[in-house]
Structure formats: C-alpha cells, structure tokens
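Below: one structure, written as structure tokens.
The values are calculated or read from the model by the stated rules, or taken from the named source; none is laboratory data. Just so we're clear, the structure is a prediction, and the values are computed from it rather than from any experiment. Positions of Cβ are backbone-derived with ideal geometry, glycine not excepted, and every protein chain shown enters the neighbour counts. We work out accessible area using only protein heavy atoms, side chains counted, and drop any ligands, DNA or RNA first. Shrake-Rupley method; radii C 1.70, N 1.55, O 1.52, S 1.80 Å.
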Amino acid sequence: MHEVVSRAIVQRGDERIEVLEEGEGRTIVLLPSLGRGASDFDPIAARLAQAGYRVLRPQPRGIGRSRGPMSGIDLHDYAADVAAVIEQDGGGAAFVAGHAFGNRVTRMLATDRPDLVRAVSLIAANVGHAPSPPVVREAIKASANPLLPDAERLQALQYAFFAPGHDARSWLAGWHPEVLAAQRIAGDRTSRDEDYAAGTVPILYLQPDHDPLAHVEDAHEFKRALGERVTVMVIPHCSHAAIVEQPEVISDALIAYARALWDAPSRQ
C-alpha cells in the first residue's frame, strides 16, 4: 500500500517553502543534494512512510513552489527554512537525513536548532574542512548543464555520481542549474567549521564505497573526531548518487536507526 503524498506551503517571512508530506508517526526529514529536488527521494520516502514514519521533504528555494532570496544567503538561511517546516508540522524533534549538499544543511540545522533535531543522517557527505576538488566541481556543473550534449553530461555524471556498472541516464533530468549555483555560493560563504560537528546530536553516516567526493577514510576520520555519537555504515556498490543507486539499502538503514532512536530505552 502506497501512502498518499500531499503538498503544503510553509511561510517564513518572505520565504515560501513547499513540502512533500506522507505517512504518520515520528518525523523524518529528507533533504536533497546540490541543485536537485525532493523527488530524488521518492522510493526512500515511500518506504519510510510504509514503515510507520511521517516523512517531510522540503523543496529547496527555487524548486517547485519554494521561493525566497537566492543571493546574499548562506547555510544558516537554508537551515532556517527546514526549521520552519519542522516547527509548523508540530511533530517534535525530527530525524533529519541530508544527501550530499543536503548533509551540510542538515548539520547546520542541528547546530542552529538542536531543539528540532533528534538525530541526523549524512548520506554521501563531504565532511572534510575543504570543498570538493575543482575537477569534481566541474563534473557536477557539467552534469547539470542542459546545453551540453548528453554524451558529455553522461560522462560527467558517471565520474561524479554513479558507480561502475550503474546507468547514469536517470539523472540527465531533475537538475536546476540556477539553484545549484546559488547553493554552491551559499555553501562557500559558510565556514565548514560552523556545521562540521552537527551540534551534539547522534549521527548516522551512510558512506558510499565508490564516492569520488566523500571517501571511506573520511567517514572513519569523522568518527575519530566526534566519537561514539557517530555510526558509520558503508553502502556497497554506489557512488555520490547513492540514494538512487541503493534506495532499499539506505531505506533499511534509516528505518533501523530511527527505530533504535525512538524505541530502544537505552537511546532515550
């Protein structure tokens, strides 16, 4: 049985954030990657809702019906958009999962508004103190550029996002280059030290085994830096587009972690 997906608008000052909502229960929030929207999480959101959770997927500014300033902002502003969504929904502190760029918004939210975050999951996350290498940044930009030939874009997608043997064609669509550009500037304007630790909340780090942006060793270094509140799980046979390469494995990991968060007395 598939849960019905409804759409709501959350107003925060002059900003309007469109939210995809489904399911009932404790709240899980899913945040997409650079220049992409909430639909990337469709299969995962459905599985989480079927497992008994309320799933909220805010669309980033500039995607769907979400609107707000796209310049002169930083990650604090994107985190505040998500905070408004959680507050309006009224379900209490949420388990927030961010994919790629969304992981930095997730960590900033946990830093700025710990009252709204029960735990976070970082999926295919570059958690280093330096931005992605220029060659990777250029591949991401080319992946999103509709003016380039598909063959060139597919080569870039395969390099930056998809593990060997996985078909990258599904990600020729779904890009918002103007959103990508704004998010990249906002991320660069925000010191990586600010969001690095995700406050003090528990962290589930879902690390692809073939990611050119986020390496397995980076995940283990992150755990060494932050200690026992970090749980690292390496996801096999996937790269930076892990949520579309391994949706079932990632869904199962999120569900198991959520159940431990809210159901096991030892984690309260």
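How many residues, within segment 168-193, are farther than 22 Å from Ala38 by Cβ and charged (D, E, K, R)?
Within segment 168-193, residues that are farther than 22 Å from Ala38 by Cβ and charged (D, E, K, R) number 4.
Could you give every pair whose Cβ atoms fall below 6 Å, whose first residue belongs to segment 184-196 and is touching a residue at least 12 places away in the same chain (Cβ under 8 Å) and within 13 Å of Pro131 (Cβ to Cβ), and whose second residue is open to solvent by 80 Å² or more (accessible area, probe 1.4 Å) and not in a helix (DSSP H, G or I), counting only separations of at least 6 or pairs across chains?
Once the first residue is touching a residue at least 12 places away in the same chain (Cβ under 8 Å) and within 13 Å of Pro131 (Cβ to Cβ) and sits in segment 184-196, its partners that are open to solvent by 80 Å² or more (accessible area, probe 1.4 Å) and not in a helix (DSSP H, G or I) give Arg192/His129.
Consider Ile73 against the criteria (1) touching a residue at least 60 places away in the same chain (Cβ under 8 Å); (2) of a type in the set (Val, Ile, Thr); (3) crowded, with 21+ Cβ neighbours inside 10 Å: it satisfies all of them except one. Which criterion is unmet?
Condition not satisfied by Ile73: (3).
Every residue, every condition in (1) open to solvent by less than 60 Å² (accessible area, probe 1.4 Å); (2) in contact with a Cys (Cβ under 6 Å, 6 or more places away or on another chain); (3) assigned to a helix (DSSP H, G or I), yes or no:
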| residue | (1), (2), (3) |
| --- | --- |
| Ala214 | yes, no, no |
| Arg224 | no, no, yes |
| His237 | no, no, no |
| Val244 | yes, no, yes |
| Asp252 | no, no, yes |
| Ala258 | yes, no, yes |
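List the helices (runs of 4 or more DSSP H) inside segment 70-176, counting only whole elements, that have at least 3 residues being at pLDDT 95 or above, under 24 Å from Glu18 (Cβ atoms) and among the charged types (D, E, K, R). First the steps, then the outcome.
Details: elements: 75-89, 101-112, 134-143, 150-160.
It comes to 75-89, 101-112.
If we keep just the residues of segment 104-125 that are in contact with a Leu (Cβ under 8 Å, 6 or more places away or on another chain) and without any contact (Cβ under 8 Å) to a residue 40 or more places away in the chain, which is surrounded by the most Cβ atoms within 10 Å (Cβ to Cβ)?
Within segment 104-125, the match that is surrounded by the most Cβ atoms within 10 Å (Cβ to Cβ) is Leu109.
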